[in-house]
Amino acid sequence: MADEVVLLDYWISPYAMRLRIALALKGIEYERKEEELNNKSPLLLQSNPVHKKVPVLIHNGKPICESVVALQYIDEVWNDKAPLFPSDPYLRSQAKFWADYVDKKISSFARKLWSGAKGEEMEVVKKDLFDCLRLLEGELGDKPFFGGETLGLVDLALLPFASWFSVHDKFGTFSLEAECPKIPPWVKRCFQMESVSESVPSPDQLYDYVVKMRNSRQE
Amino acid sequence: MEEVKLLGFWPSPFVYRVIWALKLKDVQFDYIEEDLSNKSELLLRYNPVLKKVPVLIHGGKAIAESLVILEYIEETWPQNPLLPKDPHEKALARFWIQFGLEKMRPIHQAYFPAIGEEREKAAKQYQEVLKIVEDQCLGDQRFFGGETIGMVDIVYGMLAYWFECMEEAVGVKVIEPSILPRLHAWVNNFKQVSVIKDNLPHHGKLLAYYKTLREKLVSARSTLPTPSNHDAS
């Protein structure tokens, strides 16, 4: 039986972006269904009744929810190429630790940055964000990617958020290059990979989107 | 065999998750009690990022965060598996583990230091979330893992013993048999499993610990409190 893979998606969701990159890296053919978040499809509501959120990976009719759970599933089922996780259990645990760190710490800063934190609150968010990104820089070290020579779990977990932070960079909210100099080149290296550039919007495309949204709100 | 050490803190349900997993797989380990008000050099060296327990040290390498540790244990000692073999079933187990982490934590943070009428409101919210777990994860099974306990049972283990002490400290019960009958039954079944029964902190000491902790949180209430200071996983 041929594999049927469907992704319930939303193009700018950082969590959905993780899965699109993973599916591209593994060369998995799938049907992408873009969801309207204020008009969720019956398929989404049926596939993720608990959270009613994207992304949802549906493999031969069976849904898998939660992006990191889905990444593990993808790696286990399509284990013939592009491993997302190291094979050594200790290194796997380290990758999971840092992916978990991104989910616990970085995602909450992303939310606060976009929710319009102002003044002193914004300064605290920025400082905390940079402290966390610097720790991640330490973990990256001199490797081209967190996964070593190729993209791994931590790259996929962090890249969509880092892409969004680059947008703030362009707006002049802060300078990633000044605060975390290893992050912008790492983002650039990731986007040089076809699996990334063809799967997710680049920081420039995200920036254009935000500008358009802001202009349309002002009209 | 390489040496296994576990850095722990006696009241922590997160630490017990690791103890249970190691015992279920018959893995010998040394337990080292941490004084979290005076963190040891060992803890700061092996978990410099988060400085929390539990930390598992295997052959000199440290793994932190209880959920990450559980997966490491499962992969390193495959006997008596705690996760299903089928990838989709495994994904479901991991989904419910994530659910417990994401959905329950903010509700718990509202419940534990709640005072007066807030307590009933917080208890009701807790019950709504636990109803989802009861209906969609536990169902009619004896355990979350089916006939025997698995990783999901271990992760939800806090509800089976620690939570009773917290309920007593707060003064408003959540896991009422009339509202959550199957979860209530699970609590009793889980506590009877021999590895669990033989590895639980002292009830009286735990109750005193949570009463003291709750008093501190209630009196310090100006910012969002956390229910425990020992681990966030």
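The values are calculated or read from the model by the stated rules, or taken from the named source; none is laboratory data. Here the structure is a predicted model, which means the values were calculated and not measured. So basically every Cβ, Gly included, is an ideal-geometry build from the backbone, and we count neighbours across all protein chains shown. Calculation scope for accessible area: heavy atoms of the full protein, side chains included, ligands and nucleic acids excluded. Shrake-Rupley method; radii C 1.70, N 1.55, O 1.52, S 1.80 Å.
Springs between alpha-carbon pairs under 10 angstrom, Gaussian network model over chain A: which of A:VAL56, A:VAL125, A:VAL200 fluctuates most? Taking springs between Cα atoms under 10 Å, the residue moving most is A:VAL125.
When +1 charges are put on Lys and Arg Cβ atoms and -1 charges on Asp and Glu Cβ atoms, the dipole computed for region B:79-137 relative to its Cα centre reaches about 180 debye.
Pairs spanning more than 27 Å between alpha-carbon atoms, out of A:LYS104/B:LYS205; A:LYS52/A:LYS105; B:LYS23/B:LYS191; B:LYS25/B:LYS52; B:LYS61/B:LYS191; A:LYS33/A:LYS170: A:LYS104/B:LYS205; B:LYS61/B:LYS191; A:LYS33/A:LYS170. For region A:5-57, GluC sites (Glu not before Pro) are listed when DSSP marks them as loop and at most 12 other Cβ atoms sit within 10 Å of their Cβ; the list is A:GLU29. Normalising the Debye intensity of region B:106-233 to I(0), with uniform scatterers on Cα atoms only, and taking log10 at q = 0.10, 0.18 Å⁻¹ returns -0.32, -1.04. The calculated Kirkwood hydrodynamic radius for region B:10-125 is 16.4 Å, given to one decimal from all distinct C-alpha pairs.
Which shape class, rounded, prolate or oblate, goes with region A:1-113 when its Cα gyration tensor gives a ≥ b ≥ c as root eigenvalues, a/c under 1.5 marks rounded, and past that a/b bigger than b/c marks prolate? Oblate. Counting only Cα atoms, the protein assembly as shown measures 60, 56, 48 Å along its principal axes, largest extent leading. Tally up the carbon and sulfur contribution to the accessible surface of region A:108-166 as a whole percent, 1.4 Å probe, everything protein left in place. Ligands and nucleic acids excluded, carbon and sulfur give 54 percent. Only residues of region A:191-219 count here: report those whose backbone N is under 13 Å from the spot 7 Å along Cα→Cβ of A:GLU177, or say none. The answer is none. Measuring nothing but how far apart in sequence close Cα pairs (under 8 Å, 6+ apart) lie, relative to its length, chain A scores a relative contact order of 22 percent. Within chain A, the longest segment free of exposed loop sites, counting trypsin sites (Lys or Arg not before Pro) that fall outside DSSP classes H, G, I, E and B and have at most 15 other Cβ atoms within 10 Å, spans A:119-219. Under the criterion of Cα pairs below 8 Å and six or more residues apart, the relative contact order for chain B equals 24 percent.
The ellipsoid equivalent to the alpha-carbon distribution of region A:100-219 has semi-axes of 24, 19, 12 angstrom, derived from the gyration tensor eigenvalues as √(5λ) and listed largest first.
Take the accessible area of chain B alone and of chain A alone, subtract that of the pair, and you get about 2300 Å² summed over both chains, using a 1.4 Å probe. With the convex hull of its Cα atoms as the shape, chain B has an orientation-averaged projected area of 12.7 nm². Normalising the Debye intensity of region A:99-156 to I(0), with uniform scatterers on Cα atoms only, and taking log10 at q = 0.19 Å⁻¹ returns -0.71. The distance linking region B:52-123 with region B:1-28 is 14 Å (Cα centroid to Cα centroid, whole angstrom). Normalised by the number of residues in region B:1-113, the average gap of Cα pairs under 8 Å and 6 or more apart makes the relative contact order 26 percent. Taking label points 7 Å from Cα along the Cα-to-Cβ direction, A:ASP128 and B:HIS202 give a separation of 3.8 nm. Residues in the protein assembly as shown average 46 Å² of solvent-accessible surface per residue, probe 1.4 Å, ligands and nucleic acids excluded.
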